[in-house]
Amino acid sequence: MTSDLFDSDGYQDRQKWDLGAWPEMYDRLKELRMTVFTAEPGLQLNLMVFTIASQAAGCRHCTAHGAYGLANFGVPIAKVQALWEFADSPMFSPRERAALSFAAAAGSTPRHVTPEHHAELRSHFSDAEVRTLLSAASIAGFMNTYNDSLATVTDQASVDWASQYLAPLGWDVGKHVGQRHEQRLQGPPGT
């Protein structure tokens, strides 16, 4: 690696491969996310599944976006923070715990989803809702792979929010900080 080709983090022109640089893909992915996240069992739980799957996968970028999105969609900050302890937190119902346990297993590599996860989901959700939860975790998988492999630069609004509310839980921006010329004040439209 020569210094004229790579920035100080070793990444070269990563914003050229950001999904925003491929409008057709970005628009279709945005449509898919809207279809999945707004389906039953509802936006907040679907976004919680996305966030936990992202956290399990280790994608700090998607974890920050998911958690910040939850706060923006009306989930109290205390409940967003409690996601990191959902299994023991009284803030979550058995139904939510089933979905979040599934999300943590689905976001892990290798996947740790078991027949017991599916049985627990089916005791709380319809088949269509289970399909939606699986889809939310799967979208997280795509986004986690894309953004973490590229080290997508997280927008400053999400970094500021996550630094305040998620850093006490162990989150940091890591490789997603980028160089000054790569940073945006806020995420691309529709995030």
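Values quoted throughout were computed directly from the atomic coordinates according to the rules given, and no laboratory measurement underlies them. Treat the numbers as computed from the prediction; the structure is a model and nothing was measured. Note: ideal-geometry Cβ built from the backbone for every residue, glycine included; neighbour counts use all protein chains shown.
List the trypsin sites (Lys or Arg not before Pro) within the range 85-179 that DSSP assigns to loop and that have no more than 15 neighbouring Cβ atoms inside 10 Å.
111
If you keep only loop residues by DSSP, which chymotrypsin sites (Phe, Trp or Tyr not before Pro) in the range 47-113 have at most 12 other Cβ atoms within 10 Å of their Cβ? Let's see the in-between values first.
Values: sites: 50, 68, 73, 84, 86, 92, 102; in loops: 73, 86, 92.
Here the sparse-neighbourhood loop sites are 73.
In whole Å, what is the distance between the alpha-carbon centres of the range 56-135 and the range 14-47?
If you average the Cα positions of each part, the centres end up 18 Å apart.
Can you give the FRET efficiency to the nearest 0.05 for residue 87 and residue 160, using r as the Cβ-Cβ distance and R₀ = 25 Å? Walk me through the intermediate numbers first.
On the way: r = 29 Å, r/R0 = 1.15.
So, using R0 = 25 Å, E works out to roughly 0.30.
Simple spin-label model, 7 Å along Cα-to-Cβ: residue 122 to residue 172 in nm?
4.4
What do the square roots of 5 times the Cα gyration tensor eigenvalues come to for the range 102-181, in whole Å, largest first, as semi-axes of the equivalent ellipsoid? Kindly include the intermediate steps, with their values, before the conclusion.
Numbers: eigenvalues 191, 39, 28 Å².
Value: 31, 14, 12 Å, ordered largest first.
Compare the Cα positions of 86, 102, 57 along the charge dipole of the range 32-150 (+1 at Cβ of Lys, Arg; -1 at Cβ of Asp, Glu; about the Cα centre) and return the one farthest towards the positive end.
57
Size of the dipole of the range 32-150 about the Cα centre, Lys and Arg at +1 and Asp and Glu at -1 on the beta carbon, nothing else charged, in debye to 20?
180
What are the extents of the Cα atoms of the range 32-150 along their three principal axes, listed from largest to smallest and rounded to whole Å?
Result, largest extent first: 38, 30, 27 Å.
Label-point separation (nm) for residue 95 and residue 77, each offset 7 Å from Cα along Cα-to-Cβ?
The modelled label-to-label distance comes out at 2.8 nm.
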